[in-house]
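> Dumping the structure here so I can ask a few things about it.
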Amino acid sequence: MKKEFYRHLLPHFQQPGQAYFVTWSLKDAVPKKALKRYSRELEMLRLQIKSYGAAGKPGAAVSEPLIKEMSDSEIAPPELKKQYYSLRKKYIKAYDELLACDKNPKINLSKPENLQPVKETLLFWIGIKLEAYAFCIMPNHVHWVFRLFEKDEKGKPVYLQDIMNSVKRYSANQINKVENRKGSVWQSESFDTTIRDEKHLYYAIEYTLNNPVAAGLVKSREDWPGNWCSGFIGSSGLRTAD
C-alpha cells in the first residue's frame with residue numbers, strides 16, 4: 001500500500017517500512033524569494049515529468065489504476081529525471097547554506113525551553129510507529145534519521161506525511177506556549193531523502209550528528225545538547241547501544 005503526496009514539487013509515493021533522512025526548518029529561516037529561481041525551474045521540470053504517460057511520450061493517456069500504482073517520475077525519461085534531481089540537489093545545497101547564514105533566529109530551537117519539547121516530540125513515536133536512529137536540533141532547523149514501521153499497533157500503515165504532520169503540529173504548539181506567541185512555527189515543506197542502504201544510513205547519521213560542528217557551534221558533536229543517537233558510530237559503522 002502506498003500513499004501519494006507532493007515532495008519538492010514532484011509526485012512521490014510513500015512506502016511504509018521505509019527509512020528516511022528528513023530536514024525541516026523554522027518558517028522564517030529561509031527567505032521565500034531566496035530560492036525563487038530554483039523553485040521556478042523545478043516547477044517547469046515537474047510539469048514536463050507529469051506530461052508523460054504510460055507510453056513514455058508527452059501527453060500519452062494513463063489509466064486511473066496505473067496512476068495509483070505508478071508515479072509520473074517513473075514514467076518520464078531518465079534524462080529528464082536526472083536533470084530534475086540534479087537541480088533538486090543544488091536547491092538543497094543552497095537551502096542548507098541559507099540556514100547556516102541565519103545566525104540569530106527569532107525562535108531559537110536550541111534554547112533549553114524549546115529544545116526539551118522538540119526532543120520529546122521526536123522521541124514520542126519510537127517503538128510505536130518508527131525506529132529512530134539519530135536527530136539533531138539546530139537553532140533554526142532539525143535533522144532526523146529514522147525508519148517507519150510498516151504498521152502501527154492497530155495494524156494501520158504508517159506514512160511519513162502523517163508522522164511529520166503530527167511532529168510539527170505538537171512541537172509548534174509547545175514552542176508557541178514557551179515563546180508566548182501564536183501562528184505558524186515551521187515551514188510547511190520538509191526535505192526528505194529515502195535511505196537506500198546501510199552505507200547511506202551511516203552517512204545520513206554522520207551528517208546529522210556533525211551538523212553543529214560544521215556550523216561552528218561546538219568543537220565536538222557530543223557537546224551539542226540538541227544531538228541524540230540510538231547508539232554510537234565507530235569506524236566500523238553504526239552500532240547499537242547496549
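> (1) surrounded by fewer than 21 Cβ atoms within 10 Å (Cβ to Cβ); (2) in the same structural domain as Val178 (by TED's automatic domain parsing): which one isn't true of Glu97, the others all being true?
Every condition holds for Glu97 apart from (2).
> Somewhere in the stretch 137-155, is a residue assigned to a helix (DSSP H, G or I), without any contact (Cβ under 8 Å) to a residue 24 or more places away in the chain and not polar (S, T, N, Q)?
No, the stretch 137-155 has no match at all.
> Only helices (runs of 4 or more DSSP H) wholly contained in the stretch 22-98 count here; list those with 2 or more residues that are among the charged types (D, E, K, R) and modelled with pLDDT of 60 or more.
36-50
> Name the residues in the stretch 110-136 that are among the aromatic types (Phe, Trp, Tyr) and either in contact with a strand residue (DSSP E or B) (Cβ under 7 Å, 6 or more places away or on another chain) or outside any loop (DSSP other than H, G, I, E, B) (or both), would you? Working first, answer last.
First, pick out the residues of the stretch 110-136 that are among the aromatic types (Phe, Trp, Tyr): 124-125, 133, 135.
Selection gives Phe124, Tyr133, Phe135.
> Tyr207 - would you say it is closer than 25 Å to Asp28 by Cβ, at pLDDT 95 or above, of a type in the set (Ser, Thr, Tyr) and surrounded by fewer than 21 Cβ atoms within 10 Å (Cβ to Cβ)?
No: the conditions fail for Tyr207.
> Select, from Lys182, Lys199, Lys168, the only residue that is closer than 15 Å to Phe124 by Cα and not assigned by TED's automatic domain parsing to the domain that holds Tyr85. Let's see the steps before the verdict.
On the way: Lys182 fails: closer than 15 Å to Phe124 by Cα; Lys199 fails: closer than 15 Å to Phe124 by Cα.
Lys168 is the lone residue from the list that is closer than 15 Å to Phe124 by Cα and not assigned by TED's automatic domain parsing to the domain that holds Tyr85.
> Ok, one more. Applying the selection to the stretch 178-213, what residues are more than 25 Å from Ile107 (Cα to Cα) and acidic (Asp, Glu)?
Within the stretch 178-213, Asp197, Glu198, Glu206 qualify.
The values are calculated or read from the model by the stated rules, or taken from the named source; none is laboratory data. Just so you know, these numbers come straight off a predicted model, no measurement behind them. Note that we place each Cβ from the backbone using ideal geometry, even for glycine, and neighbour counts take in every protein chain shown.
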